[in-house]
Amino acid sequence: MSDSSLTDSNIAVLEQPTSRRRFLRDASVTALVAGVATACKAAPAQRARTAVATMPGVTQAGDVAGAAAIRAAADAMDAMHEARMKAFPAKTAGKGCQVLDPRIEDGVKVFELTARKIKWETEPGTIVDAWAYNGQVPGPQLRVREGDRVRIVLHNQLPESTSIHFHGLEIPNAQDGVPFVTQPPIKPGQSYTYEFTAANSGSHMYHSHHDSTKQVGLGLLGAFIVAPKQPMAIERVDKDFVLILNDGMGGYTLNGKSFPATEPLVAKLGDRIRIRFMNEGTMIHPMHLHGMHMTIITKDGWPLPAPYRCDTLNVAPGDRWDAIIECNNPGTWAFHCHILPHAESDHGMFGMVTALVVQQ
Amino acid sequence: MSDSSLTDSNIAVLEQPTSRRRFLRDASVTALVAGVATACKAAPAQRARTAVATMPGVTQAGDVAGAAAIRAAADAMDAMHEARMKAFPAKTAGKGCQVLDPRIEDGVKVFELTARKIKWETEPGTIVDAWAYNGQVPGPQLRVREGDRVRIVLHNQLPESTSIHFHGLEIPNAQDGVPFVTQPPIKPGQSYTYEFTAANSGSHMYHSHHDSTKQVGLGLLGAFIVAPKQPMAIERVDKDFVLILNDGMGGYTLNGKSFPATEPLVAKLGDRIRIRFMNEGTMIHPMHLHGMHMTIITKDGWPLPAPYRCDTLNVAPGDRWDAIIECNNPGTWAFHCHILPHAESDHGMFGMVTALVVQQ
Amino acid sequence: MSDSSLTDSNIAVLEQPTSRRRFLRDASVTALVAGVATACKAAPAQRARTAVATMPGVTQAGDVAGAAAIRAAADAMDAMHEARMKAFPAKTAGKGCQVLDPRIEDGVKVFELTARKIKWETEPGTIVDAWAYNGQVPGPQLRVREGDRVRIVLHNQLPESTSIHFHGLEIPNAQDGVPFVTQPPIKPGQSYTYEFTAANSGSHMYHSHHDSTKQVGLGLLGAFIVAPKQPMAIERVDKDFVLILNDGMGGYTLNGKSFPATEPLVAKLGDRIRIRFMNEGTMIHPMHLHGMHMTIITKDGWPLPAPYRCDTLNVAPGDRWDAIIECNNPGTWAFHCHILPHAESDHGMFGMVTALVVQQ
């Protein structure tokens, strides 16, 4: 999008009143529509009134013309913002972080991963070069249970050597994935097998540990969730979401997509949900949830002895924090990184923005 | 300030011994003087002695000339540092974060906010373009009580549309302030009314949620404090300070001012004070208090189940952390962001620096 | 290192199979070798196989040539990575953070510090200009006991004035080290004496508080550890390490050295160790330990009421966090800042990387 595209005729079009109802009717996800519609019904207190004529200093013909120009510019900006909001959740090719079902061989859960170069669409029309596991950014979500025997077979179809580090998993040193310390690098065209018992539960990650600034930056990363044998009462939830924050070559993303192509988190009023925050980028991202608070229950998979509440959670590179949210406030709630340049430009919201939709 | 202004004659002036007593006599705030004077009386252990002649390698006439040149350069630098310290707390036009008394209408606390462009002086002579609520950066401090019905009337006199998000307040979705999700944008010249019950107590914020990188960056932000119905024992204090950290278009500021124009926090020996840290910028700011520790009691308004002590508190964008300090160590204590380039240059302290003055 | 140095003949040399055993035999630290050897014995699950011929699309003669070129490039990159790993721990001139024994005068522990310009080798062949206490970056480690009377005599042989702030120590204001607030600056050639009782135990720091962005950035910093009179049970350990993170003029360093010149932390299987993390830089550094978790027990020297476990610890400038590690997983474990550009480039690991070696 560029300002030069805003010709006079475009602005004229943009200035036509946009029907809120049509915006909602056109929205592609029923769940979201329901949430927003709820929000709109609940808005009796808004009493907008136009008062341009009473703006201080707006008393002359020239000032009125000035006010009209200001209004036209504001309308043009707002139209860009509206278009991005209206596009949410936008369709793009590819979906990352999908649960990968293992095959079972002699009681071992076996996951096959193939690393290769792909094109990845982060938002409609924005296609970047990525290096991916199984064609996904983030790579497929691996889910096992505490005590499971796990085998990961990596096929390297990249033009560089690689390796996988299982970030947070306490496994034998030889399976740790650090070239020239615990294994040789896996050359282009080679396959390599990791095998271990998932000894510690929690929200963990896997990613390249070779030329990692580039390889992780390009997308070689994913979630590795180990369910506990004995879940805590606090972690019994209706829905369980993974949210991988990133700021690599694909820009500011949540689960590999930028707003408006991010996926909304949809829950029902009264649901108890869990969000597993993971940061695979190079910057902090303080995630802010509107309308409800989060209770932080684990750090790096380890239960916090004193879970605490917040609405803004600073997630640093390598961190995993799990939060519980009691969805007791209906509506569509913005949910975004509070470093504002990671979330909004003068063209509207982008990057690390999604919504928690609490449906009535 | 530029180094080229340091002509030989300037240096000569700067080299005149500066009377510590005169520095104190000239200081503009009695409170501060009392603190510093205390500090000076308490300094018997300092035994400075000049030992240039015994510096290793300083044995020749040429070296003595070299040492004199080094000393002159050091004195010139120190004079710049001293001038900035001496100027603290410097007077500037405007004061942000002032408590705004509501008017009461039918039991509702009504706050009127007008957003408009202003000039804002961050330190003496440094005047920046700002967008402000009621002519203040940060905007006026709004204080209500848990359970209060609150109405905020926003008058938009900006050249852009805007909105207000009540960051941390758990209110109905329609009052959440996100254009095209919960409300239309508020156009230039329009007014808009928000109304809700302040359901959750704590240190919260309000700020623009439209074109927010720019609008919050320019100053459209403020503190929104909700006093609890039942205060905890730990939060009974003698003084209650708000400290809004920012790194927007006005540079590195505390409550909208850069050192030496920041306001010192003044307490009496034995006082128990509360500081409400809020970050409205785009970077972390680890605030370091000299001389005493802080006990961190709440995060985003929510009581921490296990308050902890520290002297350096990392505050991320969107965060609010409340700290209690037992003022048991008399003196003037530096209090600053510990990212040193946010606090000191070769011209002296600037930016995110203030002092906690504990008066005897 | 530059890519242009990789001539064809270099690549040929690099392509020779590197014996893992020779790599280990050449390693200079027996402790490390033992750890790595253990790791290698424990690696039965790795089943690398070359499969270039079966890479998708690799079916033609031209493709085979392409695959060979890719492999050659990968081998060249891997050789650079291997060389850096193999060099660890590399010898460099100078060692920072060495414990300085005080002399006792009338029951007072007296430390003499001399600040001067030095050359400092951060990794083999990389020599930077530094400003140092006693010729070390970080400066010597000062260790006293809670309640001790302490005297620090600073000799300033720098070309600038300076001062020392005792970061985290609760001492009388006059000893706080802030020029023009608590003392005059210490001029080039002068000496200055600080004296106080170490009232609060914990992991603290000392550093310049004058022109500090430059002076601390150049190396005028160190650890100041105050042992408690009554240690907590949780802090009884077999080994006690200090790890000062920095990103100043010497680049990304741990205790003043960049990988591969960083020092490994060596422990025995079953050891309980303590790591005192301190950040004297200007950025956050989330330190990630492979293979085992850490229990965080203190913040800025103050016991946490609810110690928590993690594998990634975000350390902000000015922060000190103490961690306990139960060394129950044998091997050589990577331990590094998880902002990957602080730890690895396409030439291999560098900067804020070391290893925890758990010997069997």
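Readers should treat all values here as calculations from the given coordinates under stated rules, not as data from a laboratory. None of these values were measured; they are calculated from a predicted model. A quick note on method: Cβ atoms are made from the backbone with ideal geometry, for glycine too, and the neighbour counts reach across all protein chains shown.
What do you get for Rg/Rh over the stretch A:223-278 if you use C-alpha atoms and the Kirkwood form of Rh? Intermediate values should be presented prior to the final figure.
Values: Rg = 13.7 Å, Rh = 13.1 Å.
Rounded to two decimals, Rg/Rh equals 1.05.
Work out from phi, with θ = phi - 60° and the Karplus expression 6.51 cos²θ - 1.76 cosθ + 1.60, the ³J(HN,Hα) of each residue of the stretch B:321-331, listed in order in whole Hz, and give x for Gly and Pro. After applying 6.51 cos²θ - 1.76 cosθ + 1.60, I find 10, 10, 10, 10, 10, 8, 7, 10, 10, x, x Hz. In this simple spin-label model, placing a label point 7 Å from the Cα along the Cα-to-Cβ direction at both B:ASP271 and B:THR193 gives a separation of 4.0 nm.
If contacts are Cα pairs under 8 angstrom and at least 6 residues apart, what is the relative contact order of the stretch C:160-243 in percent? Show your work: numbers first, answer last.
Values: 119 pairs, mean separation 25.4, N = 84.
RCO, the stretch C:160-243: 30 percent.
Positive contributions from Lys and Arg (+1) and negative ones from Asp and Glu (-1), summed over other residues with Cβ under 15 Å from the Cβ of C:ALA93, come out at 0.
Rounded to the nearest whole Hz, the Karplus-based 3J(HN,Hα) values (6.51 cos²θ - 1.76 cosθ + 1.60, θ = phi - 60°) of the stretch B:88-97 follow the sequence 7, x, 7, 7, 9, 6, x, 9, x, 6, with x at glycine and proline.
Classify the stretch C:286-360 from the C-alpha gyration tensor, please: rounded if a/c falls under 1.5, else prolate or oblate depending on whether a/b exceeds b/c. It would help to have the intermediate numbers written out before the result.
Values: a/c = 2.80, a/b = 1.29, b/c = 2.16.
Oblate.
By the rule of a C-alpha distance below 20 Å, with chain neighbours fewer than 8 residues away ignored, the lysines paired with B:LYS214 are B:LYS117, B:LYS119, B:LYS187, B:LYS257. Put simply, the amide H of C:HIS210, placed in the peptide plane, has neighbours under 5 Å in C:SER163, leaving out anything fewer than 5 places away on its chain.
Other residues with beta-carbon under 10 Å from the beta-carbon of C:ARG274 carry, at +1 per Lys or Arg and -1 per Asp or Glu, a net charge of 0. Taking amide H atoms as placed 1.01 Å from N in the peptide plane, the amide H of C:GLY96 lies under 5 Å from those of C:VAL137, each 5 or more residues away in sequence or on another chain.
Look at B:TYR206, C:TYR133 and count the other Cβ atoms within 10 Å of each Cβ; fewest to most, that gives B:TYR206, C:TYR133. A cut-off of 5 Å between modelled amide H atoms, ignoring neighbours fewer than 5 places along the same chain, links A:VAL315 with A:HIS285, A:MET287.
Counting only other chain Cβ atoms within 10 Å of each residue's Cβ, the peptide C:201-211 averages 3.
I'd like the FRET efficiency for C:ASP346 and B:ALA65, computed as 1/(1 + (r/R0)^6) with the beta carbon distance as r and R0 of 35 Å, rounded to 0.05.
On the way: r = 50 Å, r/R0 = 1.43.
According to the calculation, E is roughly 0.10.
Peptide B:72-78 has a mean of 5 when you count, residue by residue, the C-beta atoms of other protein chains within 10 Å of its C-beta. Normalising the average separation of contacting C-alpha pairs (under 8 angstrom, six or more residues apart) by the number of residues puts the relative contact order of the stretch C:236-359 at 32 percent.
Restricting the trypsin sites (Lys or Arg not before Pro) of the stretch B:235-307 to loop positions (DSSP other than H, G, I, E, B) with no more than 14 neighbouring Cβ atoms within 10 Å leaves B:ARG236.
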